[in-house]
Ligand SMILES: Cc1ncc(COP(=O)(O)O)c(C=O)c1O
């Protein structure tokens, strides 16, 4: 186990990750490949260790957002195929080839650059997946542009068109009609490509929500992120089955406990004035850890299995919480006591979904915004 260098850290439950891979496997069958989406530092869980566990548990390949995220995995020795889902500029084509990253493509310039880089380095043909936009109106070609584009790509003999994919706008919502429409556009395109002998071997569409609720979209591979981390694609409309388990716990420890008199203020700007004598605890977490300051903050954290409300402004590296009620219950609070920012403590739980509600966002945003200076520790199980 790595030495922990800060009293503010994330624990990632290795067994929960492996369990979640097994649960996805149950849904997709034994033969369909699972592409584990580990972009944004594996949704905050720590890219290299998380990717290693997910691959060992049965994922076949990985997806990241940017070339540099793929390079980090390669430099750590990961050899599985890695698809870069986002934009690769032509000036990174050589790096993409050098690190054997699979590039998402939707214009000819990048394909030309990849072809030249593969020729120049003498390495194997550069692998690409074509991105088709079926309604999200994010990256990609329209279905009508795609056959001509694939035809053009045949000219580049050092580029191997391995895949084609699309991404849903509403697969996590209660109303799936637009997701079905998008999928219809995609399958119609695939039929056209098959008829013209242009269909790439690996077609994929399903994110976690589609994996769970639209089995017809599983196609040749599923491209799953949030479900592998044991988090709901949508806390209201697309929840995970009970046998998935959250894999991340964010912890810190009390740095100091102090008494303040009625009328004293707390933190920058003196936004909180104590209405009566209070016991406060200082915790070493702040907005430069991804524990936001404004417009909304976490509200409270867990200490001794009870909520400890945040007082005044969250600072860059420290936050002050109210422990008056906890101490009044005859529970001494002292330096070193465990504080839970995400996770369970005794019977109490502060879930990523609950935090997301308080911050006015979703659980993806809560976990992926936890910054790199918070150490990640892989543990056997919680
Ligand atoms: C293109 C693409 N595919 C797949 C995913 C994985 O989605 P999810 O985490 O909902 O499974 C994402 C994540 O946002 C994505 O951007």
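Computed from the coordinates by the stated procedures, all read-outs in this text should not be read as laboratory data. All figures in this text were calculated on a predicted structure; none of them were measured in a lab. Note: ideal-geometry Cβ built from the backbone for every residue, glycine included; neighbour counts use all protein chains shown.
As a rough footprinting exposure proxy, the listed residues 249, 155, 25 were ranked by other beta carbons within 10 Å of their own, and the order from fewest upward is 155, 25, 249.
To one decimal place, what orientation-averaged projected area in nm² is obtained for the convex hull of the Cα set of the range 145-249?
8.2 nm²
Once a ≥ b ≥ c are taken as the square roots of the eigenvalues of the Cα gyration tensor of the range 62-176, is the result rounded (a/c under 1.5), prolate (a/b larger than b/c) or oblate (a/b not larger than b/c)?
Oblate is the answer for the range 62-176, as a/c is 1.5 or above yet b/c matches or exceeds a/b.
In the chain, helices alone account for a calculated mean residue ellipticity at 222 nm of -8500 deg cm²/dmol, with every DSSP H run of four or more residues adding -39,500 (n - 2.57).
For the range 332-382, the alpha-carbon radius of gyration amounts to 1.32 times the rule-of-thumb value 2.2 N^0.38 Å expected for a compact globular protein. Hull surface divided by four, with the convex hull built on the Cα atoms of the range 41-128: how many nm²? Seen from a random direction, the Cα hull of the range 41-128 projects 5.5 nm² on average. The alpha carbon gyration tensor of the range 229-321 gives principal lengths a ≥ b ≥ c with a/c of 1.5 or higher and a/b greater than b/c, which makes the shape prolate. Computed over the chain, the Cα gyration tensor eigenvalues convert (square root of 5λ each) into semi-axes of 45, 21, 19 Å, ordered from largest to smallest. Stokes-Einstein diffusion for the range 13-229, with the hydrodynamic radius set to the Kirkwood value over Cα pairs and evaluated at 10 °C in a medium of 1.306 mPa s, equals 91 µm²/s. If I histogram all Cα-Cα distances within the range 1-42 using bins 5 Å wide from 0, what percent of pairs lands in each bin? Pair shares across the bins are 5, 16, 19, 21, 16, 10, 7, 5, 2.
Counted over the chain, the DSSP beta bridges are approximately 55% antiparallel.
Working ranking of peptides 194-202, 163-171 by packing, defined as the average number of other Cβ atoms within 10 Å per residue, highest first, is 163-171, 194-202.
As a length-normalised measure over Cα pairs under 8 Å and 6 or more apart, the relative contact order of the range 248-350 settles at 34 percent. Would you please classify the overall shape of the range 267-382 from the alpha carbon gyration tensor, given that a ≥ b ≥ c denote the square roots of the eigenvalues, rounded means a/c under 1.5, and beyond that prolate means a/b larger than b/c while oblate covers the rest? Verdict is oblate for the range 267-382. In plain terms, the chain from residue 123 to residue 348 could stretch by 75.6 nm, reckoned as 0.36 nm per residue minus the Cα-Cα distance.
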